[in-house]
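The values are calculated or read from the model by the stated rules, or taken from the named source; none is laboratory data. These numbers come from a predicted model, not from an experiment. Virtual Cβ from ideal backbone geometry, glycine too; neighbours counted across all protein chains shown.
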Amino acid sequence: MFDYTLINLSKNLKIERKKISSIFLCISEKIEKKQNWILNIIFVSNEQIKKYNNDYRKKNKTTDVLSFHYFEDFSDLKNTDIAWEIVISEEKIFSQALEFQIKPEEEFYKLLIHSILHILWYDHETEKDFLEMNTLENEIAFQVFSKNFF
C-alpha cells in the first residue's frame, strides 16, 4: 500500500488522513500491482499547474491534477523511495467542488482516486479504457464513501 506525503496543503482544505488511507487500502485490494513506495501529493496554484501542464504535456492551460511516474522498473526501489507525485491545483478543487455541488474535500478525494489510477497505468484515451477506469473509480468511491463521485 502507498505511503504518502502531503505538501503545501492549506488550512482551507480539511483532508482526513483516515479517508486517504481507506482509499489506498481499497485500491491495493482491487489492483494487483505493487504499491509499496512513497507518493507525494503536492498542492499548487493555478498558475503553477498551468506551467507544469505546458512544460510536461505541451498544453498551455490550467488543469486540476497531474500525475507523474518516475520509474518504469520498480525492482530496485526501496520502500522509502518516492516513486510518484500528484500535483493538484487547490484553486481548482474549490472551483470544481462548487461547479459539481460537492464539498471541496470530496473533490480532492475524487481527484486522488483518479490520479492514483493513472499512476497505476490506467487511462481513458479510448472508450474501453474510459469505461474500465470509470468503473474502478466508482467502485472505490462507493466502497470508501458509500457514494459515487464520478
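The set of residues in segment 1-24 that are surrounded by 13 or more Cβ atoms within 10 Å (Cβ to Cβ), modelled with pLDDT under 90 and either under 15 Å from Glu107 (Cα atoms) or touching a Cys at 6+ places or on another chain (Cβ under 6 Å) (or both) contains only Leu9.
Going by the conditions given, is Tyr109 at pLDDT 95 or above, within 16 Å of the chain's Cα centre (by Cα), aromatic (Phe, Trp, Tyr) and closer than 21 Å to Glu139 by Cα? Judged against the criteria, Tyr109 is a match. Can you name the residue in segment 25-43 that is touching a helix residue (DSSP H, G or I) at 6+ places or on another chain (Cβ under 8 Å), modelled with pLDDT of 90 or more and within 17 Å of Glu139 (Cα to Cα) and, of all such residues, is surrounded by the most Cβ atoms within 10 Å (Cβ to Cβ)? For segment 25-43, the residue satisfying everything is Ile27. Screening segment 44-68 for residues that are out of contact with any helix residue (DSSP H, G or I) (no Cβ under 6 Å at 6 or more places or on another chain) and in a strand (DSSP E or B) and picking the one that is farthest from Pro104 (Cα to Cα) gives Phe68.
I'd like to know if segment 70-91 contains one or more residues that are in a helix (DSSP H, G or I), at pLDDT 90 or above and either out of contact with any Lys or Arg (no Cβ under 7 Å at 6 or more places or on another chain) or surrounded by 13 or more Cβ atoms within 10 Å (Cβ to Cβ) (or both). Yes, because at least one residue in segment 70-91 is in a helix (DSSP H, G or I), at pLDDT 90 or above and either out of contact with any Lys or Arg (no Cβ under 7 Å at 6 or more places or on another chain) or surrounded by 13 or more Cβ atoms within 10 Å (Cβ to Cβ) (or both).
In this structure, does Asp129 turn out to be surrounded by fewer than 16 Cβ atoms within 10 Å (Cβ to Cβ), within 25 Å of Trp37 (Cβ to Cβ) and under 16 Å from the mean Cα position of the chain (by Cα)? No, not satisfied.
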